[in-house]
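**Q** Sharing a structure with you now.
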Amino acid sequence: MTPVSRRNFMLGSAALAALGQRVARAGQGGSRPEFLVVCIAEGGWDPLMSFDPKSPDLAVDGPWVDFAASEYTRTYNDNQFVQLNDEHRLSVTNFFELWGDRTAVVNGLWQGSIVHEPCRIRLLTGTTQAKHPDFATRFGAWAGADNPIGSIDFSGLSYAGALSATTGRVGSRSQLKALLDPDAAYGPPAGESGRRPLYQPSTADHDRVRGVIEQRAAALRSLRGEGGANDQRLDDLMTSIERQARLRDNAQSFVGGLDLASIPALEDQVPLATNLLHKDLCRAVTLKHELDWDTHTGNMRQHANYSSFFRAVNTLLDDLHSKGLLDRTLVCVLSEMGRTPRLNAAGGKDHWTHSSQLLIGAGVKGGHTYGATDALVESMKMDLASGDPTGSAQDSRAAGELLKYDNFAAGILQHLGLDPGEVYPTVTPFTGWSEYA
Amino acid sequence: MRPTAVLFIAVTLVGASSCGRAGNDVSGSDVATSDPSDGVRSYLQPTERLLRISMALRGTRPSLDELAAVRADPGALDGLVDAYLDTPEFAATVKDLHAEIFLLRRDTFEMLPALGALFGYNQQDIYRSQVEEPLRLVEHIVMNDRPYTEIVTADYAFANDVLAKMYGMPYDSQSSEEWQLSWWSDGRPAAGLLSSAEMMRRWESNGSNFNRGRANMVAGKLLCSEFDTRDITVQGGIDVADELAVSHAVMTEETCSACHQTLDPLAGYFWGFMRVVRRDVVRDAIESNCAEWDYSDGAEPPYGPNHAPEYYCYPITQYATFAENDWEDWELRAPAYFGQPAHDLTEVGEHIAADPRFSACMARRFYGYIAQLPQKAVPFDVAAELQQVFEDSGFNAKALMRAVVLHDSFAAYATTEEQSLIEPVVGLKTVRPEQYARFIYELTGYRWITRADKPGCGSGFLNGSQCWGDVELTTSDLFGFRAMQGGVDSFIITKPQFVPTPTKLLTMDMLAHDAARYAIDHDFDAAPSAESRRLLQQVDEDTTDEAAVRQQLVWLHERILGVQAPNDDADIGLSYSLFADVQQDGGSVRDAWTVTIATLLQDPRVIFF
């Protein structure tokens, strides 16, 4: 992708303003985000390559180990001190050029684990248990009551918990298409001919089936409801029946973009996701980068990963902007863990519990880096209300507290308009980055 | 706002609903207007209980004869449970349970290549063989009433022709038995699943992880005491990328040694499984013609010392006896089982078998799987009761499973709201993808299978046969809909989902219509007699008489839903109206039966049981 120049971007914005389209940022007297995009670099990125640069004088192995000559640092906006390499990670440079002022960099998030799945659960749900819905699911369920579906997961990483009736999975190879597009249904096994599906219900058939199932669900409720868990389960069924129908009714508006039986790269997921949001088919989407970030051997692969990932992120933000959605969307660019400050014997980096995340878009006090890690790349304490680092985590006398996964998730929920106290009753939300705090 | 849960709730606390419900639109003589209740729980009718047990144990409905037997004599239930425990469907459930515990069935992960000695097989052959290897062991132990503890002590394994070639296991290729009793021949200690090649591949933990992942698997999966959910505090400048620094830290740092003083000694028994059995390593080895590595020029194999290609060509040498004590090189704690000495993995297996945490954990896991609860949510008193049954039976898994499905809590369908705070076990159960597939097959004969190959997948030497052949869509994540129906993909999605989702319903709808049509086409076109038909034994394609159609529907309702209802029942009327409406709209008789039966196959009483 040819990077969009800042000049062209500014001209584009002016043109939109001239057309009278809303370009004012949400939060400046505006409403909360209407949409949420979660974009995940799964496996653990190395923030030293980007958002949390350290000096080569320290006992850390930064990207200069690989490409000393082309590495440099730069400060954007208020205090976004970033590590760059135009030769090997140009898309990161482009990202900060184009979107840095809309971006909150969050350094020093403490995950409390160095195992992939526990870290992912903590990051996305703000808890240690997978039974809890992640914030994308919560927002989708809350904001998307009238949409065909609340949230859609392209990544396979979403935790839906008790709110599963409001979510949909696309499938590892876009299998959702086979369920919604009869022309894309899977063929017969070897040795058999004939079309599949064997029977294609008409719209009237679907309506009749739905009507009967709903009546029977109501009857089952009167027989076995009794309040509590069974009623909830039947409520979920009714919700899913409704959502199933809405998905079917709106299928043609998005299944064309799904490519059955291929694993979609993040750049392929982006137009599908923005299309879903633009057409109000859902309120939240979760996407995943297709490359493996778990660089235990050859940390050098992080350069190509960053390059690819931020190319897609730039496309995502550009797409959202061109559809008039960026001011109405919170975009969370996340990775479940960081990587060790030093290289291991295999030239790779291992898991690290201190991580960095990005928050972009509606209501974000962008152009700023919140939180910090120390010279050992360990999370520092911060003032959760401002995001200012306050001292070493090991200094009991330092003010502030460690930014943990629950503070982070609570802050996102609050930003989105939900009450974090209902989910995290004893947790202080991290709101330094939010215009709504 | 929910009241705070208190343990001492008198069982006389009764919600207004405890005496069952009446006046509903779905009747049927199996559902009395007053369900059995003890004032706290409301219980299923005997035939409903039979249906729930049949679905839980087998994934299939009870036969009409079985329903009639229990209707006539509720005491017949016990005998039917015993019969169910000896069926192939129950064996499949046993494998499903263990596949979920150990997260074995992951078709989205790389398979070993169909190259070299495995040229000519396809990816499905390899996937199926790899994941079945440990599951066949468990199936054999459970179905032959062997002590369940053999899952960690067995000195045998199971192999098919693929595995025999893959790992050099003894195998009689002349026998008609695909899966045969065999053993590992590379010197690994015999310890049931702890010796399993696929278990060690699934729980890969070599290299700088120092087998801690495998130790965590043992502690978590077998003892319900995992380490990795605890907070891990890494502070103070420990260079986690330096293996020696980590080794020192885990010995000396308080926040590290709390876990590592137990974790590392347990991990110490797995050092022999040093080979990283991955697709690319095996492929590269075969590509290099499996030549013995020439160390004379000082060059090391590309994947590191002791990972020479000759170990990775089929048959793979996964275990290295010379590496068993490599923990010493890293100055780690000596191997031990939670402070108890054990000579090798065989003795670790014996320790596990004798460890009360093992029987407690498996009692929880069995109950949790059947009751659809996380094992941590199983009430202590239930777990203790089942553990006792398990131990008293000599660790007979069928006895444990029997106790699970006959437990009072499993016979209940609801509790009072107050009771539900302390007893989360009771409630509607949701059909799992594997259960739904067996349910559909048993009723209709239909399997949702597709030829999953892409053009050209079988060409070229290095591609070998990378095709997948025929794939069952209900139980595949790579091509199909398992995780989309709430199942686990064993890789990223590791917990089942019991809330019915839109994609679950979409999947069930498509499968239900296809299966219904398949059965109808068979019944009208291929069945030589009415008795040999699967579903439509009482009507022909030209039958339009309402009474006859209703009579057929009565049979279908009982067969599919397990509910006996008279011809003029309102629910039968609902099905008949559906049948008539499709025809009125121009649909053929086959279309009408397809839609009507498909609706029954995705009825709420099928989705839930």
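The values are calculated or read from the model by the stated rules, or taken from the named source; none is laboratory data. Treat the numbers as computed from the prediction; the structure is a model and nothing was measured. Positions of Cβ are backbone-derived with ideal geometry, glycine not excepted, and every protein chain shown enters the neighbour counts. The area values use the complete protein model at the heavy-atom level, side chains included, leaving out ligands, DNA and RNA. Shrake-Rupley method; radii C 1.70, N 1.55, O 1.52, S 1.80 Å.
**Q** Go through the stretch A:223-268 and give me each residue that's facing chain B (nearest Cβ under 9 Å), open to solvent by 50 Å² or more (accessible area, probe 1.4 Å) and free of Cβ contacts under 8 Å to residues at least 12 places away in the same chain.
**A** A:A229, A:R233, A:E242, listed by residue number.
**Q** Given the criteria at pLDDT below 95, under 32 Å from the mean Cα position of the chain (by Cα) and open to solvent by less than 50 Å² (accessible area, probe 1.4 Å), does B:V348 qualify?
**A** no
**Q** Within the stretch A:404-435, track down each residue that is in contact (Cβ under 8 Å) with a residue 12 or more places away in the chain, touching a Leu at 6+ places or on another chain (Cβ under 9 Å) and over 15 Å from A:C332 (Cβ atoms).
**A** The answer is A:K404, A:V423, A:Y424, A:T428, A:G432.
**Q** Taking the stretch B:365-380 as the region of interest, how many residues are out of contact with any Leu (no Cβ under 7 Å at 6 or more places or on another chain), under 20 Å from A:G161 (Cα atoms) and either touching a residue at least 24 places away in the same chain (Cβ under 8 Å) or β-branched (V, I, T) (or both)? So that I can check it myself, show each step before the final result.
**A** The first filter runs over the stretch B:365-380 and keeps only residues out of contact with any Leu (no Cβ under 7 Å at 6 or more places or on another chain), leaving B:365, B:368, B:370-380.
Next, only the ones that are under 20 Å from A:G161 (Cα atoms) stay: B:365, B:368, B:370-378.
Restricting the remaining residues to those that are either touching a residue at least 24 places away in the same chain (Cβ under 8 Å) or β-branched (V, I, T) (or both) gives B:365, B:370-378.
The qualifying residues number 10.
**Q** Pull out all pairs, ordered by first then second residue, where Cβ-Cβ is under 9 Å, the residues are six or more apart or on different chains, the first lies in the stretch A:111-135 and is at the interface with chain B (Cβ under 9 Å from one of its Cβ atoms) and at positive phi, and the second is open to solvent by less than 10 Å² (accessible area, probe 1.4 Å) and assigned to a helix (DSSP H, G or I).
**A** A:G112/A:C119; A:G112/A:R122
**Q** Could you check how many residues of the stretch A:147-160 are open to solvent by 10 Å² or more (accessible area, probe 1.4 Å) and within 8 Å of chain B (Cβ to nearest Cβ)?
**A** 2
**Q** In the stretch A:304-346, what residues are among the basic types (K, R), open to solvent by 30 Å² or more (accessible area, probe 1.4 Å) and modelled with pLDDT of 95 or more?
**A** A:R311, A:K323, A:R328
**Q** Further question on the same structure: Given A:R173, A:R138, which one is at the interface with another protein chain (Cβ under 9 Å from one of its Cβ atoms), closer than 21 Å to A:T286 by Cβ and either within 17 Å of the chain's Cα centre (by Cα) or in a loop (DSSP other than H, G, I, E, B) (or both)? Steps first, answer last, please.
**A** Numbers: A:R138 fails: at the interface with another protein chain (Cβ under 9 Å from one of its Cβ atoms).
The conditions single out A:R173.
**Q** In the stretch B:196-223, which residue that is in a loop (DSSP other than H, G, I, E, B) and either surrounded by fewer than 20 Cβ atoms within 10 Å (Cβ to Cβ) or within 13 Å of another protein chain (Cβ to nearest Cβ) (or both) is farthest from the chain's Cα centre (by Cα)?
**A** B:F210
**Q** Could you name every one of the helices (runs of 4 or more DSSP H) located completely within the stretch B:366-451 that has at least 2 residues being closer than 25 Å to B:V40 by Cβ and more than 14 Å from every other protein chain (Cβ to nearest Cβ)?
**A** Qualifying helices (runs of 4 or more DSSP H): B:380-392, B:397-405, B:408-411.
**Q** In the stretch B:161-195, what residues are buried (at least 21 other Cβ atoms within 10 Å of the Cβ) and touching a Lys or Arg at 6+ places or on another chain (Cβ under 6 Å)?
**A** Result: B:S195, single match.
**Q** Give B:A267, B:A285, B:A249 a once-over and let me know the one that is free of Cβ contacts under 8 Å to residues at least 12 places away in the same chain and of a type in the set (A, V, I, L, M, F, W, C).
**A** Exactly one residue qualifies, and that residue is B:A249.
**Q** Among the candidates B:D542, B:D521, B:D568, single out the residue that is among the charged types (D, E, K, R), part of a helix (DSSP H, G or I) and farther than 26 Å from A:D231 by Cβ. Full working, then the answer.
**A** Working: B:D542 fails: part of a helix (DSSP H, G or I); B:D568 fails: part of a helix (DSSP H, G or I).
Exactly one residue qualifies, and that residue is B:D521.
**Q** Could you identify the single residue in B:L511, B:L505 that is within 29 Å of the chain's Cα centre (by Cα) and either facing chain A (nearest Cβ under 7 Å) or open to solvent by 50 Å² or more (accessible area, probe 1.4 Å) (or both)?
**A** B:L505
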